[in-house]
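Contents: one structure, followed by commentary.
The values are calculated or read from the model by the stated rules, or taken from the named source; none is laboratory data. Computed from a prediction, not measured in an experiment: that's the story for all the values here. Quick reminder, even Gly has a Cβ in these numbers, built from the backbone with ideal geometry, and neighbours come from all protein chains shown. Accessible surface areas use protein heavy atoms only, side chains included; no ligands, DNA or RNA. Shrake-Rupley method; radii C 1.70, N 1.55, O 1.52, S 1.80 Å.
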Amino acid sequence: MRKEDFVPTASPETTQSSGEGADSPSSNGVRRRSFLKGLGVAGAALSAGSLLATAAEASQRSGIITVGDVTILRFLAAAEILETDLWQQYNELGGIQDSEVPGGSGSPAYTAAIAFLDADMAQYIHDNTEDEMTHEVFINAYLVSKGAEPVNLDKFRTLPSSQATGAQQIGRLTNLMQLTVDTSWWTRYRSRNGNPDLGDTFAQAIPTLAVGQHTAIPRTDEDLESTNFLQAIGNTAGFHFATIEQGGSSLYPKLAQRVTSLEVLRIVLSIGGTEIMHFQTWSDKAGNAKVLHDVVDPVTGVHVTFPNLNAPPFGGEDFQTNLIMPEPTAFLSRKLPACSIIRPTQTNGAAMGALNALTADGLFIGQSKEFFSFMRTLAIEADLAVRE
């Protein structure tokens with residue numbers, strides 16, 4: 001192969017600006033030669049053999065993972081195991097029970113309360129559960145294929161199940177019956193100038209969910225007796241679905257910035273994309289929550305109100321409940337144009353931030369010190385990973 005067959009070259013005369021625009025042949029030649037010069041190969045003939053060798057080396061490198069890659073994947077595997085555990089609890093009572101997502105027999109009354117948000121909620125809950133199951137199994141299998149240790153949280157399955165009819169009576173990793181739900185994602189994704197990566201904070205869509213401890217599943221069949229309280233449980237679940245999945249939507253791009261292997265990057269980006277799909281679905285359904293005023297939990301006495309989110313202090317074009325796509329906002333710098341993005345995506349402390357958010361949510365109330373120590377270790381190791 002002749003050199004000129006691979007890279008158009010330019011003489012000193014043709015490198016001068018001719019006013020022909022960016023797409024002129026001479027301009028293309030300069031750009032390509034400059035690109036090769038940056039690779040240290042300008043002026044040298046590139047044979048087909050050398051190109052194939054380079055491609056082969058790149059392919060081999062893509063399959064090699066670093067210690068940092070392993071720590072990131074181990075933290076993500078643990079996160080997916082925790083997600084599977086909580087989604088299985090939702091599916092047992094309010095989703096579709098089949099061979100794809102086994103366990104539980106369903107609670108018709110709870111399923112109906114959730115269906116107020118959308119008639120297809122049972123299917124969506126089932127599919128979200130199945131997705132998380134495949135994520136944890138795949139990541140662990142990939143770790144094993146690379147000679148790394150998978151993550152197993154079975155010894156921490158000590159939390160009680162719901163006693164309501166339809167739930168399995170097995171040990172759980174997560175607690176859905178004492179939640180403090182952060183609903184600031186509602187206002188964050190509707191803001192046209194705020195970004196947590198730039199230090200901004202956001203109001204709660206449902207302030208009463210952000211204080212006290214609320215159940216998102218019926219604890220016993222007695223929770224099914226009051227229509228208003230049961231609907232409050234269904235509403236709580238609807239907002240909690242989105243709270244969990246918006247966390248995953250940010251976690252994956254945060255940790256992707258620390259990955260070294262292209263293959264691991266492909267895994268992180270591919271799974272992260274499904275988390276975004278989940279969040280968009282649940283953010284849409286949460287907007288359909290039934291308006292409820294000052295509903296009291298008959299067991300704990302905690303109060304909750306689900307206001308009309310289409311009315312002040314929200315409402316208007318930027319806060320209408322059928323918005324399911326991020327509004328453009330500040331990104332990287334306020335000097336740059338607004339851009340529709342996932343937020344936050346700042347990578348510093350990504351894993352520990354995710355763990356702290358799940359802890360603040362109340363998901364781990366009742367867990368052991370050993371559990372928290374194990375999860376903190378995974379988070380610290382993942383946050384120490386550096387792209388090489």
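Dipole size of the stretch 135-285 about its Cα centre, with +1 on Lys/Arg Cβ and -1 on Asp/Glu Cβ: approximately 400 debye, rounded to the nearest 20. Separation of the alpha carbons by more than 32 angstrom is noted, of Lys254/Lys285; Lys155/Lys285; Lys146/Lys369; Lys155/Lys254; Lys254/Lys335; Lys290/Lys335, for Lys155/Lys285; Lys290/Lys335. Accessible surface of Leu323, taken over heavy atoms with a 1.4 Å probe and every protein chain present, rounds to 40 Å². Counting only protein chain heavy atoms and rolling a 1.4 Å probe, the accessible areas of Lys146, Lys155 rank, largest first, as Lys155, Lys146. Apolar share of the accessible surface for the stretch 122-261: 51 percent from carbon plus sulfur atoms, 1.4 Å probe. Taking the protein heavy atoms of the stretch 289-388 in the context of the full set of protein chains, the accessible area attributed to carbon and sulfur is 61 percent at 1.4 Å.
Sites listed here are GluC sites (Glu not before Pro) in the stretch 116-225 whose DSSP assignment is loop and whose Cβ has at most 16 other Cβ atoms within 10 Å: Glu225.
In this simple spin-label approximation, Gln169 and Glu100 carry label points 7 Å from Cα along the Cα→Cβ vector, and these lie 3.0 nm apart. Spatial offset of the stretch 138-159 relative to the stretch 220-241 amounts to 33 Å, using the alpha carbon center of each. What the Cα convex hull of the stretch 190-291 gives, in volume per residue, is 142 Å³. Taken along its three principal axes, the alpha carbon spread of the stretch 252-297 comes to 51, 19, 13 Å, from the longest extent down to the shortest. Qualifying GluC sites (Glu not before Pro) in the stretch 77-116, where qualification requires a DSSP coil assignment and no more than 15 other C-beta atoms within 10 Å, comprise Glu100.
Please work out the Cα center distance from the stretch 276-345 to the stretch 91-123, rounded to the nearest Å. When both Cα centres are located, 24 Å separates them. For the stretch 137-248, the relative contact order is 23 percent, taking Cα pairs closer than 8 Å that sit 6 or more residues apart in sequence and dividing their mean separation by the residue count.
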